[in-house]
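Okay, structure first, notes after.
Only the coordinates and a few stated rules stand behind these numbers; no lab work does. Here the structure is a predicted model, which is why all the values come from computation and not from measurement. Neighbour counts run over all protein chains shown; Cβ positions are idealised from the backbone, glycine included.
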Amino acid sequence: MAFTLAPLPFAYEALEPHIDKQTMQIHHDKHQQAYVDNLNKAIAGTDNENKTIEELVKHAGTISPAVRNNGGGHWNHNFFWDSLAANAGGNPSGKLAEAIMAAFGSFDALKEKFNNAGMTRFGSGWAWLIVKDGKLEVSSTPNQDNPLMDVAEVKGTPVLGADVWEHAYYLKYQNKRADYLTAFWSVVNWNKVAERFDAASK
Ligand code: MN3
């Protein structure tokens, strides 16, 4: 079964002014589409054709670089779109907020740590909030790797992720990755993050 690109879960302009319409169009329709197309080419005629995207990602260390990079790209972007929403942002609440307090001391401290993970990721990659051994942690990965991968330096279950590839922000923010990461918090879908946190904490 070939993988397919699902539509964005919101309109291209839904995240304005924080993330602009053109960036979203190119990011979803061109970049993620290319990951899907190249993933399908890389698995065609192999045993990997019958695997789910999660199965491929978890065994990143034993699949080809093309499947790892494009499979990771496909999974990461699906996760990213679901992490975002219009009229979102604000503060997390409930059990998730309590876990953030327990792990980082404050929501601001989490943001600082997460943004620092994104800022210090040289070149292209991702910043993550993960559940590891029942606790929240911040990590980052290079390229299209993610914390589910067997090759990840810090493994865990992602509950939030930020794409820090230049293609995620360059049209609006140019070289100012820090400004993009500040804006990112205004579009975080905390309902989705809380749902993932609950599932990962069981
Ligand atoms: Mn991207």
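Kindly evaluate ASP179 against the criterion of being among the charged types (D, E, K, R) and within 16 Å of the ligand (Cβ to nearest atom). In short, no. Condition check for LEU129 on (1) among the aliphatic types (A, V, I, L, M); (2) out of contact with any Leu (no Cβ under 6 Å at 6 or more places or on another chain); (3) over 20 Å from GLN32 (Cα atoms): one failure, at (2). Only one of ALA109, ALA102, ALA42 is surrounded by fewer than 17 Cβ atoms within 10 Å (Cβ to Cβ) and in contact (Cβ under 8 Å) with a residue 12 or more places away in the chain; which? Being surrounded by fewer than 17 Cβ atoms within 10 Å (Cβ to Cβ) and in contact (Cβ under 8 Å) with a residue 12 or more places away in the chain holds for just one of ALA109, ALA102, ALA42, which is ALA102. Evaluate the stretch 136-157: report whether one residue or more is over 25 Å from ASN70 (Cα atoms) and touching a residue at least 24 places away in the same chain (Cβ under 8 Å). Yes, the stretch 136-157 contains a residue that is over 25 Å from ASN70 (Cα atoms) and touching a residue at least 24 places away in the same chain (Cβ under 8 Å).
Number of residues in the stretch 60-99 that are away from the ligand (no atom under 16 Å from the Cβ), of a type in the set (A, V, I, L, M, F, W, C) and touching a residue at least 40 places away in the same chain (Cβ under 8 Å): the value is 6. The numbered conditions (1) under 21 Å from ALA97 (Cβ atoms); (2) in contact with a Gly (Cβ under 6 Å, 6 or more places away or on another chain); (3) among the aliphatic types (A, V, I, L, M); (4) away from the ligand (no atom under 16 Å from the Cβ) are all true for ALA127 except (4). Selection within the stretch 1-59: residues that are of a type in the set (Val, Ile, Thr) and over 22 Å from SER124 (Cβ atoms). The member of this set that is farthest from the ligand (Cβ to nearest atom) is THR46. The residue list ASP179, ASP150 contains one member that is surrounded by fewer than 21 Cβ atoms within 10 Å (Cβ to Cβ), of a type in the set (Asp, Glu) and closer than 25 Å to HIS27 by Cα, which is ASP179. Each residue in the stretch 75-134 was checked for being within 22 Å of HIS167 (Cβ to Cβ) and hydroxyl-bearing (Ser, Thr, Tyr), and 3 pass.
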